[in-house]
Amino acid sequence: MMFFYSIFIAFILASCSFSDDDGGVVSSHSPSDVYNNQLIADNLPSFCESSGCVASDFETDEYYTNFGGNQNFLGQINSSSAYAYLANAGKNWGGNDVKVAVVDSGVLSSHSDLDDNYSNASEPSSNQDIIGHGTHIAGIIAAEKNNNIMHGVAPYASIVSIASQGLSDGQDNMVTYGSNDWKHEVKSSGSTIVNLSWGSGAIYSSETFNDIVNVINDNSKRVVLVAAGNDDTDNPEYPARNANHTSMKGQMLAIGSVDSSNNRSDWGNGIASSKCGVTKDFCAVAPGHYIFSTYNNGSYAFSGGTSMATPVVAGMVAVLQSAWPSLTGAQIVDLLLSTATDLGDAGVDDEFGHGLLNLYAAASNQGTSSVYLNNSGIQYLYNNSNIYIPSTMGAIINNTELRTLLSEGVFFDSYGRDYQDDYNKKLKIYGQHDKFFNFFSDNDIETQNIGFNNKNNLTLHLSRNIDTNANRFKFSTIEQEQYHLNNISYNFNVGEVAFNIGKSSQFSSIEDSFDYYNLITKNNFLSSYDQISDYDILNFNSNIKINNKVSLQNKFIYGENQYTNAPITGIINQLSHSFYGMKFNYEWGIYKESDGFFGVSGVEAFNVAEYSNNQSFSVSIFNQQKRNWHYFVSSKWDRMTPKYNNSLISGGDKFNALSYVFGVIYNKNKDNKIGASIAKPWTINKGYLTFTVPTGLDHNGTVKTKSVLVNLSSYNEYDYEVFWHKNLRSDDKIKFHIVQRLYDVEIPQSNIKDSTEFYVRYTKSF
């Protein structure tokens, strides 16, 4: 004969007070997890603020009971913090769609706090309960959240009632209705959690042992929870003592009881929670000392015992299974035990086993946070995964569909559980955020360029400048005193060949005519690398003078992106010749960029490309006649061929880019000049990238993903500039620039929209 493990203390509503020990950390409306990952949810509970759920949102009268008492068990296992955490992570937090089999004395199906959660999969005659034990347990698991008295640990779980014939309260009351084969009812109901708040004292029953093994073998996701007993013994009573048996496959737990101070429950007269003892590896404790819950008279009652601690854990399992249906029973058992709060002697001990089970800790991501590329088993470290985008890549930065997808991303913990997080924070924008930033740098520092008839020399560029600048009519004075080596070069020549070995931050071609014109836009059209402005370049140059009008220049480069450490190597060749006062430059280059392409790179899950083989060709024309009018025109074509890594980003085989600029300058005299230019900045005009982001798991644990194709040629920009430069005195200069940016499309809530800007710069030398 099996006996229930509980002690009834009171059967009516009473005014009792218990302290709440909610140690949850989700306490403000800026929810984040223990790894400081900002959590996001699409459908927050209606009672949460729009900025997110916090623990206090769930700590209602029902949480504590609204008849004047202070219900302890929900707070003692940190339920409110777990609920808030899961809700913010876009997860079920209340046990939705999970069936819990209560193999007991039956459950009063008409109880107002149980009727909506009573499953039609229950054994038909189990809707009655002559003893009250099963109804009390059902309320602890899944009493409804309906603003009525109290709610269970998993208030949206389904209760499958299975009255088991032969169960007794040890006082003349015995279950004579229900099933004589509870294991069959459990399996046929599809329940994934089984609550057994009963035992056989010190008597080992092979029949019960085999029944539990049969239930476990039927479903790898099933968890069986068994009360340890109230006999104050050194080991749990049977069948709980079998929890560590290999036949249970790690899917069974023995549960002891603690009071509100986390001491092992002792009700006096030799009645106390049994210890974990030999079963300690699969044993833990939960609050069960005095628990207020539903009762078979349609009301509520207090009761205590390991019978009451066990359904607390059953509710915890329901919450976890609902949030992550793909978890196996063994995984959930291991998860609960590994996150338990240690009690008693350090580590797993004979009295408390693994300690007090903690729902918030079990719900939080554990171990290493990872990104699963797909179902191939490839994993990346989530916390280390970032993608670096130069500010010139507006088609990526301002893509609304991509931004939305990134906000839906998930990462996975060491148990393979998915957690929603905003991948947008993984997007790192760097480089020149303002295309016209160069206008505010000191362009008047003397530089040593490669040329003929140079004596052997070492050139160190040391600069000091004090700038006063204004931007968009918002005037602000900035004083900069800079002493730095911004360029080191060694120049020499042998006959008709000049050489230069140097270091710079520019990747642009050898031709420096654009610097002479000193436009705002001078470095922003012909090379994406100059726009990034974060390359540290070592170069070896040669200039071969073929005759007075023709020269051939070669530039070997090795560089590294100072932000992403991505290296680049290559060679640029330029043929220059003069003809009737005109200078023509033809440039072609071949270079290889590792770990990305054109500044787009990443690490871990966003390691977009192993390398990119790039080619470029440009044509420039300048007039060199000594007259008041000067004009220039230049255009450049680029082609990139990346080799992609196995990451969240893939794309087309080839990318094409185009830029051009045309300008006219009128030099009234050496101290006064005006000019205008029309330009199309460097943009990719052919090519796409596909971003694939994991968005969750299905019930079988298969990774779900979504993808967005980003057309990198999604818009074109055209810039028109008018400027006037005036030397007021030998040491004073003033510059005015008006720039109009026009786009063939406009992207709301971004800088991709037409604008007109006015720049003024006054410089005084000291």
### Query
When you go through Thr695, Thr683, Thr705, Thr690 one by one, which is the residue that is under 30 Å from Gln321 (Cβ atoms), part of a strand (DSSP E or B), out of contact with any Pro (no Cβ under 7 Å at 6 or more places or on another chain) and not hydrophobic (A, V, I, L, M, F, W, C)?
Thr695
#### Entry: Residues satisfying the stated conditions in region 576-605, i.e. within 20 Å of Lys425 (Cβ to Cβ) and in contact with a helix residue (DSSP H, G or I) (Cβ under 7 Å, 6 or more places away or on another chain)
Gly599
### Qualifying position, being touching a residue at least 60 places away in the same chain (Cβ under 8 Å) and not basic (Lys, Arg), among Ser125, Ser168
Ser168
### Message
Every residue in region 404-419 that is open to solvent by less than 50 Å² (accessible area, probe 1.4 Å) and either farther than 30 Å from Ile77 by Cα or of a type in the set (Phe, Trp, Tyr) (or both), please.
### Response
Leu405, Leu406, Ser407, Phe411, Phe412, Tyr415, Tyr419
#### Entry: Verdict on Trp637 being on the phi < 0 side of the Ramachandran plot, among the hydrophobic types (A, V, I, L, M, F, W, C), free of Cβ contacts under 8 Å to residues at least 60 places away in the same chain and surrounded by 15 or more Cβ atoms within 10 Å (Cβ to Cβ)
yes
### Task
Please tell me if Thr690 is within 31 Å of the chain's Cα centre (by Cα), open to solvent by 40 Å² or more (accessible area, probe 1.4 Å) and touching a residue at least 40 places away in the same chain (Cβ under 8 Å).
no
#### Entry: Subset of region 304-362 that is touching a residue at least 40 places away in the same chain (Cβ under 8 Å), in contact with a Phe, Trp or Tyr (Cβ under 9 Å, 6 or more places away or on another chain) and farther than 22 Å from Ala101 by Cα - its residue that is least open to solvent (accessible area, probe 1.4 Å)
Gly353
### Query
Between residues in region 253-271 that are more than 30 Å from Ala330 (Cβ to Cβ) and open to solvent by 30 Å² or more (accessible area, probe 1.4 Å) and residues that are of a type outside the set (Lys, Arg) and not in a loop (DSSP other than H, G, I, E, B), which pairs lie under 6 Å by C-beta distance while being six or more apart or on different chains?
Asp266/Ala272; Trp267/Ile7
### Query
Which one is least open to solvent (accessible area, probe 1.4 Å), of the residues in region 580-631 that are touching a Leu at 6+ places or on another chain (Cβ under 7 Å) and in a strand (DSSP E or B)?
Ser618
#### Entry: Subset of region 381-403 [closer than 23 Å to Gly90 by Cβ and either crowded, with 21+ Cβ neighbours inside 10 Å or free of Cβ contacts under 8 Å to residues at least 60 places away in the same chain (or both)]
Tyr382, Ser385, Ile387, Asn399, Leu402, Arg403
### Query
In this structure, does Ser158 turn out to be over 30 Å from Asp421 (Cα atoms) and of a type in the set (Gly, Ala, Ser)?
no
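The values are calculated or read from the model by the stated rules, or taken from the named source; none is laboratory data. Since we're looking at a predicted model, the values are computed, not measured. When we count neighbours, we look across all protein chains shown, and the Cβ atoms used for this are built from the backbone with ideal geometry, even at glycine. Areas reflect the complete protein model, heavy atoms only, side chains present, ligands, DNA and RNA absent. Shrake-Rupley method; radii C 1.70, N 1.55, O 1.52, S 1.80 Å.
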